[in-house]
Every structure is written in C-alpha cells, then in structure tokens.
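Asks: Before we start, here is the structure in question, set down as structure tokens.
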Amino acid sequence: MKPPRKSTLKSPAALPPAGMPDPVPAAPKRSRVAKKPLHGTAEAPRRARRMNAQQAAAFVRALAAANPAPETELDFSSPYTLLVAVALSAQATDVSVNKATATLFPAADTPEKMVALGEEGVAGHIRRIGLWKSKAKNVVALSRLLIERHASEVPADRAALEALPGVGRKTANVVLNVAFGEEAMAVDTHIFRLGNRTGLAPGRTPRAVEDALMQRVPAELLRDAHHWLILHGRYICKARAPECWHCVARELCNYGDKVLWPPAR
Ligand code: SF4
C-alpha cells in the first residue's frame, strides 16, 4: 500500500450534495440588473483570450517549477479511505473532513467495518460537516456495493466508480488519479475558474474545461496537473481577488484585470 497521501481535491463552494452528480457549475446567467463580481465566480468566471498551445504548456510548467512536489490535503491511507474522504468533502473543507475521518477511519477503514458501523455510527463521526445525513447514507451504501460487486476493493474503472452512491465524475477522477496514478483531471471550482479566467482552458462546463486541459497540459505533467491548478486557484488565483503580484505565471496569463499590488493594510 502506498504511504498516506493527502488530497487537495475538494471544492466546498461548488460540490453538490452527496448522492448527486459531481459539480456542474451553471452557465453564466445574463441579467440586466445583477452586477458582475469584481473578478468573477466559479459559476460565472470571467473569460480571457484563449492561450495558444505553447503559452498553455508554459503556464503549467511555471506552476510545476514553483512546486515540484505538490502536497495534498485530505488524509487517507488506502484507495477506500481516499474514496470515502473525497465523498465526504462535498461542500466541506479538507480541514473539517480530516477532523471527521480522524475518528471515523480508526473505527472503520474497510467496507466491512463501515457497513457494520452503520449510518448512525458513521453519522456520529461526521455530524460537523455539511450534508452529513446523506453522506453517512452514501458511505454505507457505497461500502455495501464494494463488498457485493468488487470484492471489497475500490475499482480502478470510471464506470464502476460512477455507479457507486455519491460518486460522480469529479470524485472518480480524483480516485483514478490519486489512488491509481491515471492521468485524470478532476475539475473543481478552482480549476473551472482558473481555466476560464486565465485563458488556459476556457469552457462553459467543467467537462469542457477538463477536455481542454487534457489536450493542452503537456503529457509529462498530466499526472500532477490538477494538484498544481487546484493549489494555484485556492491560494493565489483566488475567486474574489487573484493575488497576481506574486503569481509565477503572471507573464503567461491572459486575464485582463490582474491585481498587481497587494491591498494596503
Ligand atoms: S496572473 Fe493573476 S489572474 Fe493570472 S493566473 Fe496569476 S493570479 Fe490568476
């Protein structure tokens, strides 16, 4: 078993309730009265001119060079605990999920133990995170299906993963990438915003952004690209106000309203 890794793969603002498909931010709605947020949102990101292929590759390389070994933030110790942690992370922070799983996983780190714990037992550990009721139900249900259909193993297969309760394309991409090393791009709220705002991979839906990134990210960087992009979106290219003044990819970015100075304190 690989040593525990952490995953950054969560998007509290955009993830759907457990049991629902993975996030599909709605296409921007036009309104005569609503004012646009200053720098766009995940649901209505401001778009920039599309980067050319060389520019896109250089953009990702700049992020990679600045953080050669991207750290991830969800705690897990196996494909199964990764799957559960990602399922719990919908509309919750990694910190809150890690607090919940710090007591849940010692009690149940296999599908059999989770089923034995039952919905009430699981709920007792995760009550502090959003949508805990449906998440407890889904975690027990997916554990039962793993036992019945997959000999208690997490399948390294997209269709089989997406057939599990509470698992959609984004969660499947996380598991395929992090647990099984596949070149999969889990587009969360940060990557969706980043792809549109910078011109790296413009698209009206997460799937369109995912497809564009799979085409444009250099092959040797695909394995870790979603980590770099999520971290960049979470900590530098933030939703409300990107911190362009210390962005390593600033010269490559096509965003028209870069914030070149930190706010005065
Ligand atoms: S320059 Fe600004 S908008 Fe462009 S990627 Fe960097 S932080 Fe984001």
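Taken together, the values in this text are just the output of simple stated rules run on the coordinates, not laboratory data. Only a predicted model underlies this, so the values are computations on that prediction, with no experimental measurement involved. Cβ atoms come from the backbone with ideal geometry, glycine included; neighbour counts cover every protein chain shown.
Asks: What FRET efficiency, computed as 1/(1 + (r/R0)^6) with R0 = 30 Å and r the Cβ-Cβ distance, is obtained for V259 and E183, rounded to the nearest 0.05? Don't skip to the answer; put the middle values down first.
Replies: Numbers: r = 32 Å, r/R0 = 1.08.
With a Förster radius of 30 Å, E is 0.40.
Asks: With the alpha-carbon atoms as the only input, what is the per residue convex hull volume for the range 79-178 in Å³?
Replies: Values: hull volume 8.0 nm³, N = 100.
Looking at the range 79-178, the number lands at 80 Å³ per residue.
Asks: Another question about this same structure. Can you grab the distance from the C-alpha centre of the range 219-251 to the C-alpha centre of the range 42-113, Å, no decimals?
Replies: Between the Cα centres of the range 219-251 and the range 42-113 lies a distance of 13 Å.
Asks: Would you order V175, V60, V84 from fewest to most other beta-carbon atoms within 10 Å of each residue's own beta-carbon? Walk me through the intermediate numbers first.
Replies: On the way: V175 28, V60 23, V84 31.
In increasing order of surrounding Cβ atoms, one gets V60, V175, V84.
Asks: Work out the length of the dipole vector of the range 79-178 about its Cα centre, built from +1 on the beta-carbon of each Lys and Arg and -1 on the beta-carbon of each Asp and Glu, and round it to the nearest 20 debye. Working shown, then result.
Replies: Numbers: 12 positive and 9 negative charges, 73 e Å.
For this selection, approximately 360 debye.
Asks: Cβ neighbours within 10 Å, averaged per peptide: list 141-147, 193-199, 257-263 in order, most packed at the top. Write down the numbers at each step before the final one.
Replies: On the way: 141-147: 19.9, 193-199: 26.9, 257-263: 11.3.
Ranked from most to least packed, the peptides come out as 193-199, 141-147, 257-263.
Asks: What ranking do 131-140, 223-232, 204-213 get when scored by the average of other Cβ atoms within 10 Å per residue, highest first?
Replies: Order by mean packing, descending: 223-232, 131-140, 204-213.
Asks: Using the 10 angstrom Cβ neighbour count as an exposure proxy, how do F76, F59, F180 rank, fewest first? Numbers along the way, then the final one.
Replies: Values: F76 24, F59 27, F180 14.
Ordered from fewest to most neighbouring Cβ atoms within 10 Å, F76, F59, F180 come out as F180, F76, F59.
Asks: Which part of the range 76-119 falls in the paramagnetic zone of I147, meaning amide N under 14 Å from the point 7 Å along Cα-to-beta-carbon?
Replies: 108-119
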